[in-house]
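Enquirer: Mind looking over this structure? Questions follow.
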Amino acid sequence: MPAPSLRARVRAELVEEIKAAARRRLAIDGPGLTLRAVARDLEMVPSALYRYFDGRDALLTALITEAYDELGAAADAAEAAEDPADLRARWMALCRAVRRWALDHPAEYALLYGTPVPGYTAPSDTVPPASRVVVALVRVAAEADAGGAPVAPALHADLDRIVAQAPGPPPDARPSDPALLAGLAAWSQLFGLVSFEVFGRLAGMFEDPAGHFDHQMQTMADLAGLP
């Protein structure tokens, strides 16, 4: 493929600069992020940003997608560093990576899992990056193939729909219903614990928050039947 033109390279660099400024502004303004504030930080007029983003919502979508991808990449890399045969080590590594990323990037985490931004609705193309962690949890649980308690018949259709809508190529074999439910339960527990810690809900409760986190994620590994 031909190398991008100078104009394209300059534009790409400016887009990255705008996103970096917006992320810094998130740490100050949170969901109150405005194009005017971002433009002021960059010493630009607000109208100039419309050459790169259609508006605040387009900029937010870019930030959200980028943050989900960074979070998913951190979880994937941590899991991949473990022995593929050690399912519990892979599970714990990806869970710890989610917690570490969230604590290191509280403003971005708040954008993803905190108070919804007034007037903003995330488009459907944010779903695949948002699903990376739960897909990883289900994948590990499915590899354990530990069975589990019978699943209520009313849930089968919902689980079939979740599998059909999951991003990426379809799995070689559909995960069992118990594996799917274990992954979904771990997903809600994982992000519930992380959110409580990031947003200060556990302040003063545990002298060793990392130890508490590990205990809870080990409990979820037990639920998923990981050896």
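Enquirer: With springs only between Cα atoms under 10 Å apart, run a GNM on the chain and tell me which of M44, M217, M205 wobbles the most.
Expert: The residue with the greatest mean-square fluctuation here is M205.
Enquirer: In sequence order, what are the phi-derived ³J(HN,Hα) couplings for the range 130-138 according to the Karplus relation 6.51 cos²θ - 1.76 cosθ + 1.60 with θ = phi - 60°, rounded to whole Hz, with x for glycine and proline?
Expert: Calculated HN-Hα couplings, in order: 5, 8, 4, 6, 5, 4, 5, 5, 5 Hz.
Enquirer: Once you order the gyration tensor axes a ≥ b ≥ c over the Cα atoms, which shape class does the range 105-227 get: rounded for a/c under 1.5, otherwise prolate or oblate by comparing a/b with b/c?
Expert: Note, shape of the range 105-227 comes out oblate.
Enquirer: Quick check on the range 65-161: take the gyration tensor over C-alpha atoms, sort the square-rooted eigenvalues as a ≥ b ≥ c, and tell me if it's rounded (a/c under 1.5), prolate or oblate.
Expert: Working: a/c = 2.43, a/b = 1.21, b/c = 2.01.
Since a/c reaches 1.5 but b/c is at least a/b, the shape of the range 65-161 is classed as oblate.
Enquirer: A follow-up question, please. No solvent, one uniform scatterer per C-alpha: report log10 I(q)/I(0) for the range 163-227 via the Debye equation at q = 0.16, 0.22, 0.27 1/Å, two decimals.
Expert: Once normalised to I(0) and log-transformed, intensities are -0.66, -0.94, -1.15.
Enquirer: In the chain, what percent of the accessible surface is made up of carbon and sulfur (1.4 Å probe, ligands and nucleic acids excluded)?
Expert: Values: 7190 of 12430 Å².
After summing per-atom areas, the C and S share lands at 58 percent.
Enquirer: Could you sort V163, V45 by accessible area so the largest value comes first, with the probe set to 1.4 Å? Don't jump to the answer; show the numbers that get you there.
Expert: Working: V163 35, V45 90 Å².
Descending accessible area places them as V45, V163.
Enquirer: For the chain, modelled as a GNM with alpha-carbon contacts under 10 angstrom, which of P128, P150, P31 fluctuates the most?
Expert: P150
Enquirer: Given the whole protein assembly as supplied and a 1.4 Å probe, what does the accessible area of D57 come to in Å², nearest 10?
Expert: 60 Å²
Enquirer: For the chain, with every protein chain kept in place, what is the accessible area per residue (1.4 Å probe, Å²)? Mind dumping the intermediate values first?
Expert: Details: 12430 Å² over 227 residues.
Computed with neighbouring chains in place, this is 55 Å² per residue.
Enquirer: Hey, another quick one. Please work out the Cα center distance from the range 23-58 to the range 152-208, rounded to the nearest Å.
Expert: Each part reduced to its Cα centre gives a spacing of 33 Å.
Enquirer: Of the chain, which part is the longest with no GluC sites (Glu not before Pro) in a loop (DSSP not H, G, I, E, B) and with at most 10 other C-beta atoms within 10 angstrom?
Expert: 44-206
Enquirer: At 1.4 Å probe size, with no ligands or nucleic acids counted, give the accessible surface of Y113 in Å², nearest ten.
Expert: Spelled out: Y113, probe radius 1.4 Å, area about 60 Å².
Enquirer: Picking from L193, M217, F206, whose Cα lies most toward the positive end of the charge dipole for the range 129-227 (charges on Cβ: Lys, Arg +1; Asp, Glu -1)?
Expert: The residue sitting farthest along the positive end of the dipole is L193.
Enquirer: Using θ = phi - 60° and the Karplus curve 6.51 cos²θ - 1.76 cosθ + 1.60, what whole-Hz ³J(HN,Hα) does each residue of the range 177-190 get, with Gly and Pro shown as x?
Expert: 4, x, 5, 4, 5, 5, x, 5, 5, 5, 4, 5, 5, 4
Enquirer: I would also like to ask the following. Quote the charge dipole size of the range 79-227 about the Cα centre in Debye, to the nearest 20; the model charges only the Cβ of Lys and Arg (+1) and of Asp and Glu (-1).
Expert: That gives a dipole near 280 debye.
Enquirer: Here is a follow-up. Kindly provide the trypsin sites (Lys or Arg not before Pro) of the range 13-85 that DSSP labels as loop, not H, G, I, E or B, and whose Cβ sees at most 14 other Cβ atoms within 10 Å.
Expert: R51
Enquirer: Here is a further query. As a test of the definition: which semi-axes, in Å, follow for the chain when you take the square root of five times each eigenvalue of its alpha carbon gyration tensor? Largest first, please.
Expert: They are 36, 21, 17 Å, listed largest first.
The values are calculated or read from the model by the stated rules, or taken from the named source; none is laboratory data. Treat the numbers as computed from the prediction; the structure is a model and nothing was measured. FYI the Cβ positions are ideal-geometry reconstructions off the backbone, even for glycines, and counts take in every protein chain you see. The accessibility values were calculated without ligands, DNA or RNA, using every heavy atom of the protein model including side chains. Shrake-Rupley method; radii C 1.70, N 1.55, O 1.52, S 1.80 Å.
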